[in-house]
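Peer 1: Handing you this structure, nothing more for now.
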């Protein structure tokens, strides 16, 4: 039951502790990701009813003896988060980031440490290379300071290099910064960013969709990147190789209807190749904060307390609603045709007799779920 695509409805705030617990149990249940969660609530009306329906849905997908997340596990997570002083934000609640409600795979819950009001202020994402050059780091700091002084919250992923420079610089301005964590909100990665992480919790905000204490794994980073993109009015790529996580963030931003911007670099520098390609393909070229502010229609004077932006709401992608059982059946068909030996994706399309638009998002979700792997040459293989 990995996720497909669905335009994201707004749900009311949980009114009781039992409803809060049921919603947390639902999203922590095995094979229930963000879009599956939203589908289940839409189809069954409440988290309690969705939990009761899960075993039957799992059986339709070929999974026997399925059990939802036990109450004790969810209660332990709530207790651990409270002990950290973290706040649990539910999708649809007033303090939940409204920008994330525009995207189809919005996190059902977020743990937050710090100033949660920053999550609903105008924000700009900034990402880039971990092995950043001196020039790249200086540009990230210049952008971070300038945008924060203009009142924008700077969003990034707390990685070394460009992310760290952007966070650190943004703390100096009024907009401050939000760090999106790949693991639990209390798990600092990389360790050398411990002091920066503490400063962000004190003056900015750290958030994660995962339970406290969870160590980040490779599959968590693309999920983190979509939150960076979803929170932001625009995403700036400062340095990025031709194949990097920063470009995943840029693609997510494009999918969500956000503006993508990039800092150009020397053609001989591999760390600039991704940015140069983005600019070639239509991303806004950024030379400094003024380019960003001008593109967003915001005043460039640092003396202005808040950017007076008149930006229309950004609609999330509108994809047709497909019943969860249909998605589960398609996943079962995909997995039944894949094995350890690689199979060409175009052959899989012919075997299943479905369109590329139907198949592509389900392959991505199965890949993020750790059930299939992509091989060079457009080949796919099954991992479980």
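The values are calculated or read from the model by the stated rules, or taken from the named source; none is laboratory data. What you see is a predicted model; the values in this text were computed from it and never measured. Here the Cβ positions follow ideal geometry from the backbone for every residue, glycine too, while neighbour counts run over all protein chains shown.
Peer 1: Given the residues 359, 349, which is the only one that is free of Cβ contacts under 8 Å to residues at least 24 places away in the same chain, part of a helix (DSSP H, G or I) and touching a helix residue (DSSP H, G or I) at 6+ places or on another chain (Cβ under 8 Å)?
Peer 2: On the way: 359 fails: free of Cβ contacts under 8 Å to residues at least 24 places away in the same chain.
The conditions single out 349.
Peer 1: For residue 94, work out the one condition from (1) surrounded by 14 or more Cβ atoms within 10 Å (Cβ to Cβ); (2) in contact (Cβ under 8 Å) with a residue 40 or more places away in the chain; (3) closer than 30 Å to residue 200 by Cα it doesn't fulfil.
Peer 2: (1)
Condition check ((1) outside any loop (DSSP other than H, G, I, E, B); (2) surrounded by 17 or more Cβ atoms within 10 Å (Cβ to Cβ); (3) modelled with pLDDT of 90 or more) across all residues:
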site	(1), (2), (3)
222	yes, yes, yes
226	yes, yes, yes
236	yes, yes, yes
240	no, yes, yes
279	yes, yes, yes
290	yes, no, yes
303	no, no, no
315	no, no, no
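The rows are residues; the columns are (1) touching a helix residue (DSSP H, G or I) at 6+ places or on another chain (Cβ under 7 Å); (2) over 24 Å from residue 284 (Cβ atoms); (3) part of a loop (DSSP other than H, G, I, E, B).
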{"position": "101", "(1), (2), (3)": "no, yes, no"}
{"position": "132", "(1), (2), (3)": "yes, no, yes"}
{"position": "135", "(1), (2), (3)": "no, no, no"}
{"position": "151", "(1), (2), (3)": "no, no, yes"}
{"position": "154", "(1), (2), (3)": "yes, no, no"}
{"position": "158", "(1), (2), (3)": "yes, yes, yes"}
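Peer 1: Select, from 186, 168, the only residue that is at pLDDT 95 or above and in a loop (DSSP other than H, G, I, E, B).
Peer 2: Values: 168 fails: in a loop (DSSP other than H, G, I, E, B).
Result of the check over 186, 168: 186.
Okay, residues lined up against (1) closer than 29 Å to residue 186 by Cβ; (2) touching a helix residue (DSSP H, G or I) at 6+ places or on another chain (Cβ under 6 Å); (3) modelled with pLDDT under 95:
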residue: 55; (1), (2), (3): no, no, yes
residue: 63; (1), (2), (3): no, no, yes
residue: 69; (1), (2), (3): yes, yes, no
residue: 76; (1), (2), (3): yes, no, no
residue: 81; (1), (2), (3): yes, no, no
residue: 84; (1), (2), (3): yes, no, no
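Peer 1: Taking the residues in the range 201-220 that are more than 11 Å from the chain's Cα centre (by Cα) and part of a helix (DSSP H, G or I) as candidates, determine which candidate is surrounded by the most Cβ atoms within 10 Å (Cβ to Cβ).
Peer 2: Filtering first and then ranking leaves 201.
Peer 1: A follow-up question, please. Being under 17 Å from residue 325 (Cβ atoms) and over 25 Å from the mean Cα position of the chain (by Cα) narrows it down to one of 72, 48, 62, 33, so name that one.
Peer 2: 62
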